[in-house]
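Just below is one structure, and these are the notes that go with it.
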Amino acid sequence: MNPVNYLYLAALLFTIGAAGVLIRRNAIVVFMCVELMLNACNLAFVAFSRMHGNLDGQIIAFFTMVVAAAEVVVGLAIIVSLFRSRHSASVDDASLMKL
Amino acid sequence: MSFPLLTATAALPAVGAILTAAVPATRRTAAKWLALAVSLGTLVLAALVAIRFEPGGDRYQLTESHAWIKDFGVRYELGVDGIGVALIALTALLIPFIILAGWHDADSLAVSDSGPAAGHAKRWRPTQGFFALILMVEAMVILSFEATDVFLFYILFEAMLIPMYFLIGGFGDRAHAGTDENAAAQRSYAAVKFLLYNLVGGLIMLAAVIGLYVVAGNFSLTEIAEARASGQLEMATNTERLLFLGFFFAFAVKAPLWPLHTWLPNAMGEATAPVAVLITAVVDKVGTFAMLRFCLQLFPEASKWATPAIIVLALISIVYGALLAVGQRDIKRLIAYASISHFGFIIMGIFAMTSQGQSGATLYMVNHGLSTAALMLVAGFLISRRGSRLIADYGGVQKVAPVLAGTFLVGGLATLSLPGLAPFVSEFLVLVGTFARYPVAGIIATFGIVLAALYTLVLYQRTMTGPVKPEVRAMPDLRVRELVVVGPLIALLLFLGVYPKPLTEIVEPAVRHTMSDVQQKDPKPEVEAAK
Amino acid sequence: MENAENLIALLVAAPLLGAAVLLCGGRRLDRAGHWLGTVLAAASFVIGAVLFFDMLGRGAEERTLRQHLFSWVPVESFQADVAFQLDQLSMTFVLLITGVGTLIHVYSIGYMAHDERRRRFFGYLNLFLAAMLLLVLADNYLLLYFGWEGVGLASFLLIGFWQHKPSAATAAKKAFLVNRVGDMGLSIAIMLMFTTFGTFAFGPVLAATGETSEGMLTAIGLMLLLAACGKSAQVPLQSWLGDAMEGPTPVSALIHAATMVTAGVYLITRSGAIFNAAPDAQLAVAVVGAVTLLFGAIVGCAKDDIKKALAGSTMSQIGYMILAAGLGPVGYAFAIMHLVTHGFFKAGLFLGAGSVMHGMNDEVDMRKYGGLRKYMPVTFVTFGLGYLAIIGFPGLSGFWSKDKIIEAAFAKGGTEGWILGGVALLGAGITAYYMTRVMLMTFFGEKRWQPAPDPDTAPSVEPGIEVHPGEMPHPHESPRSMTIPMILLAFGSVFAGALFSLNGAFVNWLRPVTDFEHGHPPVSAATVTVSTVVVLLIGVGIAYAQYGRRPVPVVAPRGSLLTRAARRDLLQDDFNHIVLVRGGEHLTRSLVYLDHTLVDGVVNGTAASVGGLSGRLRKLQNGFARSYAVSMLGGTAVLIAATLLMRGV
């Protein structure tokens, strides 16, 4: 199969992820969308690796997975503690990041 | 290697500042005496510098040089010429008087309501801070008079804003017409204005400093000047002009030159009298000093190019400052505007490019320091007695406090350049030096001497003469501490007015060097030229 | 005497020491201060006399003494020295200043006896003498300038001696300021000399006048004239002189007779070589002198205040001197001669006026005097002799000097000569008129004494003397310390002129310094003298008709337009007030406003606009994570698009 199709898929997934981050309010869903974007990138990396015939893309995909895993740990912890203190997982409720 | 005298002169007050700041909160008096002792020690070192300096010797003497930031060719390079020696001596001389005059200025903060609660009292040390900051300023100013590395100078030029900011904003004049909050707002306005003006000037200078490095490859004043003089370092006309303007702008803010002057009246009005003296008599001198040392030496062609415009600005400063002084209702602001007028004279003398003008300008820096210190400090004593800065609140002080009035009059006469007092010599030299090259400017500047008489005598008349106002009836005359401050200053003003030769001898060789840097010769008298 | 020149510095040092000791000495010296001041002034006079007799012992060519003390301001070619030069001209001034000055010191001991600040008064008097001596002894213009401003300072301190009176403080300030305008002229003249000749010492400058253009010399001359106008109270800078009467009376005597106002005459005579080579400037000097001569005389006619009437006469007499100095070598010697004789009789007149005031509870209005000759015989006689001298009564001092000036003015030749001579002649008549008026109103006629005013409501009353409101004055003769100086001065007023004119002694004495030519008036000298005497008698006659034969009203009549203008100093003060004071106030006020709104406003405006912009930018920072995400996405998209576009190009 033509590897370019994988790239189209990656772009589609990334767009879905980005739209989800921007539109949804629930922190968990936003978080999942971020993961979706990351995985879209992974897919693109692997596809490029295949296209160019070297392993660089696959190696970077591993790195991304590690970072994503670490991010899940930290991110979920933050979301949980946010939910505990505010009884809500909506990102719009936490608007203290301003002067 | 010989004893690093120049470093020591600057290091002593710096170390003294740290020690003073570390004195425990309860030992306020000890901190004062420590600061005074340190400043006197610095005076001794400065006197040593003046003694060791040989007027006929090399251009820069007592030099020290160490590598500092090797990658950028930044060196810790010190050296003094006659102009530097004169100004170091002035600084070291004035600081003990400033400390003595401000002996009680910070005390009220230690116990006032604005101080924090008793829990913090152990760490609350305004007196220590006040004197430490003054010593810190002294250290930086002295070092900036010694620095022959452009980068080192720039760092000091900027760094001295920090202690000055705290001195203006943190220890303002208690004598204020409005409420306490109002006073605090005015004070912080003045401090921020001072900082912003000087920072903007400094940033533009930073750009020029970097530009200079790009063109010249190092920061050493002596090396660059030598390369410029020998023709090894060519600069495109526009580059030189831009770099010159960058430097000049910063110095003109500090000096201050019209129209960059408006921070000075605010700062001097809101600060305590000793700090006001520190601003105008000491810190501002760095600006005019740097014009002589850096602008003329590094960019001789551009200096000549800019001279007409600068002379015009200086003339405006002279007349404008004097006219505004006439219109002031606040004693300290009046003195501030008078200073602006005097800085106009200094800058005009520097850029007249004659040996009389430049010697006069250098003497003027010293003499203006002494005369403003005398006038401002006595004004401070006066204000502290009555608690008001408004001229209209005084009247007839002469009757109740004749010594105070007498010293105030002498300070005023020095400000209006009466012959016999030091400022006359310098003012006349500047006038003659300017007149020789720019007769019209010289004549317009002489109007300044009439206006100076006007604002000084109006000030004296309204505060000191006339019927005694009820509020001043119980005003005490000068105390011993205050006499110790004013007496020596007046004696110096008299001495340098009658016998300025020691000063002119030190300054003359340096001026000769500067004149040759800008490739200028004194205009010949008409009679000789005709022969 | 060997090394007589070493004494010159002592002339200045003695009064200077007195000033320093008295002003810094504190209250401990209150009891002996006035004696110290007087002794030091007298010491200076003695040194002057020693030097004078030493000078007489030398040949005319060897009479100039020089003393170089130290180098004052040495900067490259600019070399100012503290060095003295004592020649015949300086010598004349030294004797006048120290002699009359010492007499005034003695007089002040009695006059100021009740003033608690007498010590300081004597300190200022000594300072005045020292500055004036420095002025006439300097050997270069810059040192002269030192003395010149020193005199200004001393006059400021003395005129404003009773500082608690606002009018005195204002008068002192005014004197200093007006003088500063003149000083500006002197400093510009010095600058011109430096750029022209490369020096400003008398010797080289005056010798080199031939080497530069007449235009330059005219410029220097006019600047020197401006300086002289300030110090000598000549039109247009004369306005300070009348107000200067706010000072104690001995100060007026000192300013008008021995020091200060004579400085301008000295300056012009000293710079004779410059004026001789610049005829336009010289003519300007003569014109200024002639105008002032009339101006002062007219003002003198209308004043009811005895001191102000005398002030007008000083202005007028100095006008004579300036006029004479403006005539060139024909007139210099006579200008100085009139200056010396005037020093005697004007000091005598002022001291006499002070004595009258002393006896009359410090009343200055002549309309409230009258008939005093019986009560104050010594004052009457000395004042009377001074009066006869000033109007130029034949045989007395004033006659000899003034007559010569009128003669010299006619000798100028052409229309100018007729005009200047005519003015001088007319001035003599007016002088006779107003001085007779003063004499008649004060010493003759009926008593018009008024009870003493309440000191609280009448600020013009001099302090220190006990005045009981409502009490009638008890005129009495003044104490010995005051009458003796008056008697000595009266001797000078009577005999000095004749002595000086013996074989042209005075002219011959000054000739080496000022040069001398005989003038040739278009009419014979005898005609001039006779017409002077006739004009004089007419003046006296008119005054007698007005004030001697008719009673003098206590309240001044309204008077003609000219009288009213003259009472207000011919509206000079009104002009100054409207144009300079008001105009200046408006100028400074609007500048203060502009500095705040415009210059500061531009900067503050920049700050405000930056603040406004940042306030708006701050709104973007709303704290919502998702809006940040949008901006991140948008930013990334823009960056990528930009990268692609750049590659495409």
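Rule-based calculations on the coordinates, nothing more; no lab input. Small disclaimer: the values here were computed from a predicted structure and weren't measured. Every residue, glycine as well, gets a Cβ built from its backbone with ideal geometry; the counts of neighbours run over all protein chains shown.
Can you give the helix-only mean residue ellipticity at 222 nm for the protein assembly as shown, where every DSSP H stretch with n ≥ 4 adds -39500 (n - 2.57) and the sum goes over all residues, rounded to the nearest 500 deg cm²/dmol?
Helices in the protein assembly as shown give a 222 nm mean residue ellipticity of -23000 deg cm²/dmol.
Evaluate the relative contact order of chain C (contact order divided by residue number), counting alpha-carbon pairs under 8 angstrom at least 6 apart; express in whole percent.
Rounded, it is 13 percent for chain C.
Cα atoms only, the protein assembly as shown: Rg and Dmax in Å?
Rg and Dmax of the protein assembly as shown, Cα atoms, are 38.5, 144 Å.
Other chains near B:417-428: what is the mean number of their Cβ atoms within 10 Å of each residue's Cβ?
Partner-chain Cβ atoms within 10 Å, mean over residues of B:417-428: 4.
Can you give me the Rg/Rh ratio for the stretch C:368-430, using Cα atoms for both radii and the Kirkwood formula for Rh?
1.20
Starting from the stretch C:35-135, pick out the GluC sites (Glu not before Pro) whose DSSP state is loop and whose Cβ has at most 14 other Cβ atoms within 10 Å.
In loop regions of the stretch C:35-135 (DSSP not H, G, I, E or B), the sparsely surrounded GluC sites (Glu not before Pro) are C:GLU116.
With unit charges on the beta carbons (Lys and Arg positive, Asp and Glu negative) and the dipole taken about the Cα centre of the stretch A:4-86, which residue among A:ILE28, A:LEU13, A:ASN42 sits farthest to the positive side?
Sorting the options by dipole projection puts first A:ILE28.
Excluding residues on the same chain fewer than 8 positions from C:LYS412, give the lysines whose Cα lies under 30 Å from its Cα.
By straight Cα distance, C:LYS412 reaches C:LYS231, C:LYS346, C:LYS402, C:LYS404.
Mind checking the angle between helix A:3-23 and chain A's longest principal axis? C-alpha axes, 0 to 90 degrees, to the nearest 10.
The two axes meet at around 10 degrees.
As a footprinting exposure proxy, order B:ASP330, B:ASP105, B:ASP58 by other Cβ within 10 Å, with the fewest listed first.
B:ASP58, B:ASP330, B:ASP105
Calculate the FRET efficiency for A:ASP93 and A:VAL73 from the Cβ-Cβ distance with a Förster distance of 30 Å, rounded to the nearest 0.05.
That pair, A:ASP93 with A:VAL73, gives E of 0.85.
I'd like the mean, over residues of C:184-195, of how many other protein chain beta carbons sit within 10 Å of each residue's own Cβ.
5
Sort C:388-397, C:325-334, B:48-57 by packing, meaning the average of other beta carbons within 10 Å per residue, with the highest value first.
C:325-334, C:388-397, B:48-57
With 5 Å bins from zero, work out the P(r) of the stretch C:173-323 over every alpha carbon pair and list the percent per bin.
Reading the bins upward from 0: 2, 11, 20, 21, 17, 12, 8, 5, 3, 1, 0.
For a label point 7 Å from the Cα of B:ARG27 along Cα→C-beta, name the residues of the stretch B:39-59 whose backbone N is under 19 Å from it.
B:39-41
Two-decimal Rg/Rh of chain C from alpha-carbon positions, Kirkwood Rh?
1.15
Return the FRET efficiency for the residue pair B:LYS524, B:ASP477: r is the Cβ-Cβ distance, R0 is 51 Å, and the value is rounded to the nearest 0.05.
The calculated FRET efficiency here is 0.40.
Report P(r) for the stretch B:213-310: all Cα-Cα distances, bin width 10 Å, range 0 to the bin holding the largest distance, values in whole percent.
In order of increasing distance, the bins hold 15, 41, 25, 15, 4 percent.
With each label point set 7 Å from Cα along the Cα-Cβ vector, what nm distance links C:ASN3 and B:THR7?
5.4
Please work out the Kirkwood hydrodynamic radius for chain B, using every pair of different C-alpha atoms, and report it in angstroms with one decimal place.
After inverting the pairwise mean of 1/r, the radius is 23.3 Å.
Across peptide C:600-612, what mean number of C-beta atoms from other chains lies inside 10 Å of a residue's C-beta?
2
Just the number: Rg to Rh for the stretch C:42-85, Cα atoms, Kirkwood Rh, two decimals.
Answer for the stretch C:42-85: 1.16.
Using the membrane-span-like helix rule (whole DSSP H runs, Cα extent along the own axis of at least 18 Å, mean Kyte-Doolittle hydropathy at least 1.6), which helices of chain C qualify?
Those that clear 18 Å and a mean of 1.6 are C:8-24, C:33-56, C:279-302, C:377-390, C:525-543.
If packing is taken as the average count of other Cβ atoms within 10 Å, what order do B:475-485, B:155-165, C:224-234 fall into, highest mean first?
C:224-234, B:155-165, B:475-485
Over the stretch B:467-531, what lengths in whole Å, largest first, do the semi-axes of the equivalent ellipsoid take, defined as the square roots of 5 times the eigenvalues of the alpha-carbon gyration tensor?
Ellipsoid half-lengths, sorted descending, are 47, 17, 12 Å.
7 Å from Cα along Cα→Cβ at both C:ILE484 and A:MET32: what's the point-to-point distance in nm?
Placing both labels 7 Å beyond Cα along the Cβ direction yields 12.3 nm.
Using bins 10 angstrom wide from zero, how does P(r) for the stretch A:4-86 break down, in % of all Cα pairs?
19, 40, 28, 10, 2, 0
For the stretch C:538-640, which trypsin sites (Lys or Arg not before Pro) are in a loop by DSSP, counting at most 16 other Cβ atoms within 10 Å?
Here the trypsin sites (Lys or Arg not before Pro) that fit, given the DSSP loop and packing criteria, are C:ARG549, C:ARG558, C:ARG568, C:LYS619.
What lysines could a cross-link reach from C:LYS374, if we take a straight Cα to Cα line under 21 Å and drop same-chain neighbours fewer than 8 places away?
Partners within reach: C:LYS447.
Where q = 0.15, 0.30 Å⁻¹, what log10 of I(q)/I(0) comes from the Debye formula for the stretch C:121-167, counting one point per Cα?
Taken in order of the listed q values, log10 I(q)/I(0) reads -0.40, -0.97.
Taking 56 Å as R0, compute the FRET efficiency from the Cβ-Cβ separation of A:ARG50 and A:SER81 and round it to 0.05.
0.85
Arrange the peptides C:366-379, B:354-367 so that the one whose residues have, on average, the most other Cβ atoms within 10 Å appears first.
Ranked from most to least packed, the peptides come out as B:354-367, C:366-379.
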